[in-house]
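No value in this document is a laboratory result; all are computed from the given coordinates. Small disclaimer: the values here were computed from a predicted structure and weren't measured. Here the Cβ positions follow ideal geometry from the backbone for every residue, glycine too, while neighbour counts run over all protein chains shown.
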Amino acid sequence: MTSIATTTTAPPRARKLVGAGRRQWIGLLYVAPAVALVMLFFVIPLGMTAWMSLHNWPLMGEHSFIGLDNYWAILRDTRFWNALKFTGYYTVVVTIAIFAVAFPLAIFIERQRPFTNLYRTMFFMPAVVGFASASLLWSWLLNVDSGLFSPAAYDLGLIDKKFNLLATFQPAFWSIIAMVVWKVAGFTMIILMTGLQSIPQDLQEAAVIDGAGPFARFRAITLPLMRRTLALALILSVAGSILAFDQFYIILRGGPRNQTLTAVYWIFNQSFVSFKLGYGAALSMVLLVVLVALSLVQLWLLRKPEGLD
Amino acid sequence: MRTLIAKLALTAAALGCGLQFAAAETANIWVRADGSNFMPRIVDAFNKAHKDQVKLDIIPNAEIIPKYGAAAAGGTAPDALSLDLIYTPSFAAAGQLEDITDWAKSLPYFASLSPAHVKTGTYKDHIYGLPFSADASVLIWNKKLFKQAGLDPEKGPTNWAEIEADAEKVNALGGNIKGFYFSGNCGGCNIFTFTPLIWASGGDILSEDGSKATLDSPQLRGAIDLYRLMVKKDLVPAGAQTDTGANFFAAFAAGNIGISPSGAFAIGALNTQYPNVDYGVTFLPGKDGNWSSFAGGDNFVVTKGTKKLAVVKEFLDFAYSLEGQTILAKYGSLPVRGDIAKDALRDLDPRYQIAAEAMAKGKTPYSVVFNDLINSANGPWTQMINEVFFGDDVDGAIANAQETMQSIIDQAPQK
């Protein structure tokens, strides 16, 4: 794809310079809308964030330039590093959980069999709900007095006393994991399914003839050929989890006892509860660096091995 | 394409003319969700009687501060807002509010406006906020449940021991019925309803000028022990532990709770929305009697540089009229004009008198970092109350909160 594009747009050297210049201008014109959008909604805001991070910038009132002071303050901000640590822990757990659920589902629905479309729709359905709405729904499901899980277990006689799932760390944390898996696994499943479907059937058949068992085929054929799909699903999942906020804000308010404050939650608190926009911007820059670094590491880990196309 | 542009230009011109000829202006005003019962009614009444109009937006309690700050930074702030009075000092300090000293002092009834409001509305001897709605914390009890439990339905608890004993009796009715309710994970709710228990017993959590946190006191410990005991005896629904304020009022309104600390707003809200709940109102007592209250409510503040100042003043004038004060009182706020409070309350529920008295003698903490200290869902106060009511390490939680609160106060910009 890339190689074809390069050959058609790059003009032969023999052509007149005028023509080449014009073609390039037309090319620019074609990408201009996309460039304008990226400039307007990404590059300029990013530049402003970087600029703000060098200021003491309250939500209301005058701001003043303070150089790198915000960044020095971050070094001593143990609550931010704790939040980042928790975010890392959450990301690892939730990513493993999502893949553990999404991969079997993808294998299950990959091929046409009775009701496949129904299953696909069913598993994918939660993905179309917004994170905030899903959080509100689960916030009710998890409510100890008027929700579903605890009252149902109580009424069925499974427990003698209603158990407040959100009151202590472990049940609260795993409730959130369950909610995120319910919400996101369907989406990851679809990505993985397209990867599975792109593997030529004859490779699998050849391996069967050669006597490879299902595990050997999965390890030697399926996984390597899904490298790019996996990279996409992994990066989406990791980036999404590191930026997690809605579910912890809406369901838990960072509780119980501030044990589930994520990095973005801390940035939100600094910016809009403590009104320190400049500091929040500096925290955002740090989080951006962390996220870019992690994505690069993932791309490197899942890079195309030498000599394999 | 060209015709479209022409049409647009024409419409714009027409709109422009329209604005020029009609002198009526529309001011945009925000109120937090606590005012959602009385504010729309007073705005309706104003709009019906005046040429100038007010457009009201109701914003969730927890969102109004960040939302206003963001709107102010983006130049889309409302012309005025009804602001939780404790925020007035920090908003004024940030230079966000219009100085209304001259206008305020020209009001003939200025001297009889609620003192708690005017005190927090004043910053460096200039007035930036005037009282709009008032709310005092009180204790409410369910008369029907009291009767069923064999208690005197006309007599509310007057000290801590009675709160606990009455709650236990009501709780013994069983089923869905619980003795006591409080929002155990809501800082704002508990500064409003829990600290009066401490004040009434002679303690405090902040020094008078807000420069020292004073959490380590026997009065605070005593009040904590009262709540812990009721939690331990299972008199409180399990959901209280994680209630961030969503059920602060709703739990009692459902009719299954014996006693709950609440506010004057509950009188109007119960009367209009839950007429079947038969309830009594009394003061929040101290350990051995005595009583106290948090004098809360909203200050009316004007965004600096607004072009609709005239409409805003007209609206506030209307709100201060007897008609305005009566609407306020009827739908859940206490009157803020002392000189006509009696008239405004005359035909209303006598239970308002208790709340009005609580308001008059209530306390209001003063701090420029109130949000960080108290109201923030992740602040030291919220974390502490949750830990001390439901956790195991009371001393550790208090010591931790004391240290964090003091460091927040010390780090606050000195202005």
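Summary of computed values
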| quantity | calculated |
| --- | --- |
| Other protein chain Cβ atoms within 10 Å, averaged over every residue that makes up A:239-250 | 0 |
| Distance (nanometres) between label positions extended 7 Å along Cα→Cβ at B:Glu25 and B:Tyr109 | 2.5 nm |
| Student exercise, chain A dipole from Lys, Arg, Asp, Glu Cβ charges, in Debye to nearest 20 | 760 debye |
| Förster-model FRET efficiency, 45 Å R0, A:Leu236 and B:Lys307, C-beta, rounded to 0.05 | 0.45 |
| Radius of gyration, Dmax [the range A:79-301; alpha carbons; angstrom] | 20.5, 67 |
| Average projected area [Cα convex hull, the range A:109-163], square nanometres | 5.6 nm² |
| Computed magnitude of the charge dipole of the range A:241-309 (debye, nearest 20; Cβ of K, R +1, Cβ of D, E -1) | 280 debye |
| Isotropically averaged projected area of the range A:20-61, using the convex hull of Cα atoms (one quarter of hull area), nm² | 4.2 nm² |
| The range B:277-408 - Debye-derived log10 I(q)/I(0), Cα point model, q = 0.10, 0.16, 0.21 Å⁻¹ | -0.54, -1.03, -1.20 |
| Shielding of A:55-66 by partner chains, average beta-carbon count, 10 Å | 4 |
| Cα-based equivalent ellipsoid of the range B:190-308: semi-axis lengths in Å, sorted from largest, via gyration tensor | 26, 25, 14 |
| Estimated dipole of the protein assembly as shown in Debye, rounded to 20 [Cβ of Lys and Arg +1, of Asp and Glu -1, Cα centre] | 2800 debye |
| Scattering profile of the range B:95-221 at q = 0.12, 0.20, 0.21 Å⁻¹ [log10 I(q)/I(0), Debye over alpha-carbon scatterers] | -0.70, -1.17, -1.22 |
| Mean Cβ neighbour count within 10 Å, used as a protection proxy, ranking A:39-45, B:365-371, B:272-278, A:118-124 highest first | B:365-371, A:118-124, B:272-278, A:39-45 |
| Under Karplus coefficients 6.51, -1.76 and 1.60, residue-wise ³J(HN,Hα) of the range B:302-314 in Hz, glycine/proline x | 10, 5, 4, x, 5, 8, 9, 4, 4, 5, 4, 5, 4 |
| Inter-label distance, nm, simple model (7 Å from Cα along the C-beta direction), A:Asn117/A:Ala100 | 3.4 nm |
| Dipole axis of the protein assembly as shown (+1 Lys, Arg; -1 Asp, Glu on Cβ), positive-most option in B:Ser137, B:Ile257, A:Gly61 | A:Gly61 |
| Convex hull of the protein assembly as shown built on C-alpha atoms - directionally averaged projected area, nm² | 43.1 nm² |
| Per-residue mean of C-beta atoms belonging to partner chains within 10 Å, peptide A:268-276 | 5 |
| Most positive-pole-ward Cα, A:Met285, A:Phe215, B:Phe389, against dipole of the protein assembly as shown from beta carbon charges | A:Phe215 |
| Cα centroid separation, the range B:222-284 to the range A:133-190 (Å) | 25 Å |
| Set B:Lys304/B:Lys342; B:Lys232/B:Lys363; B:Lys48/B:Lys330; B:Lys55/B:Lys304; B:Lys169/B:Lys363; B:Lys169/B:Lys330 screened for pairs whose C-alpha atoms are more than 24 Å apart | B:Lys304/B:Lys342; B:Lys232/B:Lys363; B:Lys169/B:Lys363; B:Lys169/B:Lys330 |
| Value of relative contact order over the range B:224-305, rounded to a whole percent, pairs C-alpha under 8 Å and six or more apart | 14 percent |
| Ranked packing of B:289-296, A:240-247, most packed first, by mean Cβ within 10 Å | B:289-296, A:240-247 |
| Ratio Rg/Rh [Cα only; Rh per Kirkwood] for chain B | 1.01 |
| For B:Ser114, distant residues with modelled amide H under 5 Å away | B:Gly338 |
| Amide H contacts of B:Ile59 (H built 1.01 Å from N, under 5 Å, at least 5 apart or other chain) | B:Val31, B:Arg32, B:Ala33 |
| Amide H within-cut-off set for A:His55, under 5 Å, with H built and near neighbours excluded | A:Ile66 |
| Entries in A:Lys162/B:Lys155; B:Lys233/B:Lys287; B:Lys178/B:Lys361; B:Lys67/B:Lys212 that, when Cα-Cα distance is taken, lie over 24 Å | A:Lys162/B:Lys155; B:Lys178/B:Lys361; B:Lys67/B:Lys212 |
